[in-house]
Structures are given as C-alpha cells and as structure tokens.
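Just below is one structure, and these are the notes that go with it.
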Amino acid sequence: DVKVTQSSRYLVKRTGEKVFLECVQDMDHENMFWYRQDPGLGLRLIYFSYDVKMKEKGDIPEGYSVSREKKERFSLILESASTNQTSMYLCASSLDRWIQPQHFGDGTRLSIL
Amino acid sequence: GQNIDQPTEMTATEGAIVQINCTYQTSGFNGLFWYQQHAGEAPTFLSYNVLDGLEEKGRFSSFLSRSKGYSYLLLKELQMKDSASYLCAVREHNFNKFYFGSGTKLNVKP
C-alpha cells in the first residue's frame, strides 16, 4: 500500500518565519505535488516535481518554494510566512504512467499567527 | 488551467441512490478522477474515466462524456459512512497535473 507521510499534522508559526513542510513517499513515485486546501476553493496546486531536482510551478506558487533532493522527499518552504498562508497543506505522489491516480498524505494544518 | 464545477452540498437518505455531477472545461484532457475525502482526512482515490461511458466499481460508478465536458459519480445503496466530500479532478495532458473541483459535501441521513 502506498504511504505518503507528512511530517506534522498541526503546525503553528509566526508571521515572517521561514516554514518547512516535509513529505515522504515510500513507493518510488516519480511525481510529487503540494496543494493547499481552503473552504470553497478546493485543492489548489502550489508546485509539483516530476523528478529529482526538477520542479514546476502550479497555479499559486507565490510565497512558496520547493526542494526535491531525493526521489522520496518533497519539501515545501514558506520563505516568510504570512497570515494568508494559513491553510491545510496536502502532499501527493503518483507514478509517471498513464492513468495513475495521486496518493495523498494526511495533510498539515498550518496556522500563521 | 481548468474550470471545474461541482455542486457545493447534497443530502440523501440511507439506502438511496445519489448522483454527483461535475462539469469541466479543459485545454488538454487526459482523464477524470473522483476522490472521497472524509472530514479531517486525506482524499482517497475512488475511480477514473478516460474514455466515454460508465465505469462500475461495486456501489460506485462514474460516467464520462468528453464531448460535453461532463462526468458524474453515482453512489448506490447509500450508507452513513458515505457522508464525505467528493472531489472531481481533471488530469492535464502534459506534466501529469491534476486540477480539482471545490468538492461536493454529501450528507447521508437515516
């Protein structure tokens, strides 16, 4: 069974802090994704990566960066946290083959005070 | 990007059948996926459609019409545990990007 693990379920940080969200998958998936989920807006793609050290911007990359130094790990970085980045963050991974669904982690609920 | 629309909320009775619709506009379609998400939990994959028609998986079926940009998820013999949000997602042709609708919250009542 695919396991996508996010490092924290709940996180509270202060405005201006640099925040790291970590995600690890154990199924050797090529693709990894970071989304944020807000009420009424659904899941919005922040960044994704299709290989080690490769990354592509999603729909809302502003204020975020990512790092993929190893295939199994994909990190989301909030360079200088702001209150409008309070949200549920979901990591997902998938195989790079036709018709492969995404597998999600349990999410990190991040509050920026 | 994509424009994906789903109803915000629906209510149905235990044992009944419910249909959740999803319409989309896309620049490069490569599959439509349905996910279930219970409150406070991760989305879990339910089904996908690539070609037109109906795909059946036990109590769940999903239908696709690519020419109409339309899909639905059909849930039969509803159970209380089916109370959850159902997310429609369209996969883009390039880069394996998925675009999600805002989800339909299904309330199953006794």
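Things worth noting here:
- Among B:Ser67, B:Ser85, B:Ser27: highest mean-square fluctuation, GNM of chain B, C-alpha pairs under 10 Å: B:Ser67
- Around the amide H of B:Glu41, modelled in the peptide plane, lies no amide H under 5 Å away from a residue 5 or more places distant or on another chain.
- Loop-located GluC sites (Glu not before Pro) in segment A:1-77 whose Cβ has at most 11 other Cβ within 10 Å (DSSP): A:Glu62
- Per principal axis, descending, Cα span of the protein assembly as shown in whole Å: 49, 36, 32
- Once both labels are positioned 7 Å from their Cα atoms along Cα-to-Cβ, the gap between A:Lys13 and B:Thr13 label points is 5.0 nm.
- A 1.4 Å probe run over the protein chains yields, for chain B, 47 Å² of accessible area per residue, whole-number rounding.
- For B:Val108, neighbours were defined as the other residues whose beta-carbon sits under 15 Å from its Cβ, and their charges (Lys and Arg +1, Asp and Glu -1) total +1.
- Between segment B:14-56 and segment A:47-113, the alpha-carbon centres lie 22 Å apart.
- Whole-percent carbon and sulfur share, accessible surface of the protein assembly as shown, 1.4 Å: 48
- Of the chymotrypsin sites (Phe, Trp or Tyr not before Pro) found in segment A:45-113, the ones in coil according to DSSP and having at most 12 other Cβ atoms within 10 Å of their Cβ are A:Trp98.
- Candidate lysines for bridging to A:Lys70, where Cα separation is under 28 Å - those fewer than 8 sequence places away on the same chain excluded: A:Lys3, A:Lys13, A:Lys18, A:Lys53, A:Lys55, A:Lys57, B:Lys97
- Largest-first ellipsoid semi-axes for chain B, taking √(5λ) over the Cα gyration tensor eigenvalues, angstrom: 24, 14, 12
- Selected from A:Thr86, A:Cys23, A:Val52, residue furthest toward positive end of dipole (chain A; charges at beta carbon): A:Thr86
- Of the trypsin sites (Lys or Arg not before Pro) found in segment A:10-63, those that fall in a DSSP loop while having at most 12 other beta-carbon atoms within 10 Å are A:Arg14, A:Lys18, A:Lys53.
- For chain A, modelled as a GNM whose springs connect Cα atoms under 10 angstrom apart, the maximal fluctuation among A:Val12, A:Val66, A:Val24 occurs at A:Val12.
The values are calculated or read from the model by the stated rules, or taken from the named source; none is laboratory data. Source: prediction; values computed, not measured. When we count neighbours, we look across all protein chains shown, and the Cβ atoms used for this are built from the backbone with ideal geometry, even at glycine. The area values use the complete protein model at the heavy-atom level, side chains included, leaving out ligands, DNA and RNA. Shrake-Rupley method; radii C 1.70, N 1.55, O 1.52, S 1.80 Å.
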